[in-house]
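The values are calculated or read from the model by the stated rules, or taken from the named source; none is laboratory data. What you see is a predicted model, and the numbers here were worked out from it, not measured in a lab. Virtual Cβ from ideal backbone geometry, glycine too; neighbours counted across all protein chains shown. These area figures cover heavy atoms from the full protein model, side chains too; ligands, DNA and RNA do not enter into them. Shrake-Rupley method; radii C 1.70, N 1.55, O 1.52, S 1.80 Å.
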Amino acid sequence: MTTLGSVERLRAGSGPAYWPPHVAVAAMLIIELLAILALNDGMLVYSLDDAYIHLALAENIARGHYGINLTEPSAPSSSILWPFLLVPYSGTDFHDKWPLILNIAAVMASVGMLQAIVRRALPPGSCPSWLPPLLVIAAATALNLVGLVFTGMEHSLQVLLALAVVRGLVIEAEERRITWYLILSVLVGPLVRYENLALSLGAVCYLGLRGRLWAACGLGIATILPLVAFSQFLLDLGLGWLPSSVLLKTSLASGDGGVTAVAVVLVRSLLWSPIRISHLLLLAILGLLLWCVCRPEQSKVMRLLAVAGSTWVVAHLAVGKYGWFGRYEVYAMISAAALLLYLYRHQVSFRLLRRAPRTAGAALISVPLVLGLPILRVPVLTPLAANNIYEQQYQMHRFVTDYAGGATVAVNDLGWVSYRNDGYVLDLWGLGSIEAGARRTENEPGWMEVLVRRHDARLAMVYDSWFPGQIPFHWVRLGTLRLGNARVTPASSEVAFYATEPAAAAEFAPRLAEWSRTLPPGAIFEPGAPE
């Protein structure tokens, strides 16, 4: 039983000193970075090849063109804003380091946002002094905030903007004050990731129900207009009304991808989405939010906050993606969990103070660990994932640019091959080619050969498993590139190299032999067709 003296010591904040969360997160970032550099011959490599799609697009944006290839427009990036943020330093050796700098800044700001929310939920004197910093560190670790940095993509910024929405709503609830970062995060969030539109919608609905109709209407219109303008921009380029990556991931590459088709896919996703651990955890969060809405003793403003949080949780449950190296669901989980902590702050503080502070504190710290169960392994595997990209996609890039003279190449994994490469890259999967995406999903007979001949791609580097029975029979298999370590993020550990016509085989075979002698230890190129 906690004595009055111990309660007073808790209120005074006594207890051992702990590292501030920023220091702990910085230490984890340094460890990850050193491991990546050690595994990749001192080279910074991101854990996902997708990062280099954004970098390649940013290169061409800097030249005044929107697309992967300079000869045609394309929209391979799932983010509207992120490629534009990567334009600085384009064409320099520092360019590929710039996403790391942006992501480090974003994760440090996210830690600050999370600290601010926890401080309002558990103010000094309401809990042991060691609890808030350890809670923030546990959330940053278990929910993959560190691992997201090394994807080189926009998800760290997405998490920051999601947490900024939560903090801004909490301040409005307490002080009836709309902060600048609430406005900014509502406006910018959907431009960073379309999923953040759900948070913006939740915030707008909250403000409207709070009686701030003009603010809600203004923010709602200002949020939607840039999205509509970007869709019109894509349509003017002859593309779909959403980026290719979004259309392909929602099975809309075939057909016109119109509003009716989108509605059908979204309903199907809601009704037949497979159950995952993350899915169940989000359902549990939703249940707690709805319980807060239904509790009669809860104040109206707290109910409105719970409604706002329920909005983006329901949206992710309905149409959100999961997994893909622990990056899709993080924004929804960490923002909803932070909001839950604030909504249930009185119950949490009572149990921490009056009953068993150490036991209750340990239980509270276990919450982010449970939420992070599906992705706990991601930060540990991040250096190996980066090594996969180094051994596979970067080596493919080296062959095309250094040994094949920038020859036109067909691939199914767009990224490093197109980055820092002015040669034409035919994306057979469709991110960089809306025509290829449509033909592939419709499975037109001979579609691959038609595209290869049109673009004079005499070399192809593909995952055979992605195109069962579709590789033209007359292509000559030149060999197979195999990973030296266990596969983490690439879709396959083997990349098949083909000459798309017999005459090209004699040209590329000696170049492949020369290139194979320069591969890093572990990576292997086996010439010829498999036995």
Only one of the listed values, (1) 4, 18, 29, 28, 16, 5, 0; (2) 4, 17, 26, 25, 15, 8, 4, 1, 0; (3) 3, 15, 22, 24, 20, 12, 4, 1, 0, was derived from the coordinates as P(r) over Cα pairs in 10 Å bins from 0, in percent; which label is it? (2)
Taking only Cα atoms, what is the 0 to 90° angle, nearest 10, from helix 21-39's long axis to the longest principal axis of the chain? 20
Quick check: the distance between the Cα centres of segment 131-147 and segment 496-519, to the nearest angstrom? 47
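For the chain, what is the percent of antiparallel DSSP beta bridges, rounded to the nearest 5?
Values: 14 of 20 bridges.
Roughly 70 percent of the DSSP beta bridges within the chain come out antiparallel.
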Tilt, helix 180-192 to longest principal axis of the chain (alpha-carbon atoms), in degrees rounded to tens, equals 30
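What is the calculated FRET efficiency for L283 to L44, with r their C-beta to C-beta distance and R₀ = 30 Å, to the nearest 0.05?
On the way: r = 38 Å, r/R0 = 1.28.
Rounded to the nearest 0.05, the efficiency is 0.20.
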To the nearest 10 degrees, how steep is helix 330-343 against the longest Cα principal axis of the chain, on a 0 to 90 scale? 0
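Quick check for you: with a 1.4 Å probe and neighbouring chains kept, what is the accessible area per residue of the chain, in Å²? Show your work: numbers first, answer last.
On the way: 21540 Å² over 531 residues.
Computed with neighbouring chains in place, this is 41 Å² per residue.
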Taking the Cα centroid of segment 417-457 and of segment 21-51, what is the distance between the two, rounded to the nearest whole Å? 33
On the first, second and third principal axes, largest extent first, how far apart are the outermost C-alpha atoms of segment 471-531 in Å? 34, 25, 20
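Loop only per DSSP, at most 12 neighbouring Cβ atoms within 10 Å: give me the trypsin sites (Lys or Arg not before Pro) in segment 309-381, ordered by residue number.
Values: sites: K321, R327, R345, R351, R354, R355, R358, R377; in loops: K321, R327, R355, R377.
When the trypsin sites (Lys or Arg not before Pro) of segment 309-381 are filtered for loop state and at most 12 Cβ neighbours within 10 Å, R355 remain.
Per the Cauchy relation, a quarter of the hull surface: what is the mean projected area of the convex hull of the alpha carbons in segment 423-531, in nm²? Walk me through the numbers on the way to the answer.
Working: hull surface 30.6 nm².
That works out to 7.6 nm².
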Find the eigenvalues of the gyration tensor of the Cα atoms of segment 75-170, then list the square roots of 5 times those eigenvalues as equivalent ellipsoid semi-axes, largest first, in whole angstrom. 31, 14, 10
Can you order the peptides 445-454, 38-47, 157-166 by their average number of other Cβ atoms within 10 Å per residue, highest first? 157-166, 38-47, 445-454
Per the rule of 0.36 nm per residue minus the C-alpha distance, extending I221 to W180 adds in nm 13.1 nm
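Grab the Cα-Cα distance for H474 and A363, subtract it from 0.36 nm times how many residues apart they are, and report the gain in nm with one decimal.
Details: separation 111, 0.36 × 111 = 39.96 nm, distance 6.24 nm.
Extra length available between H474 and A363 comes to 33.7 nm.
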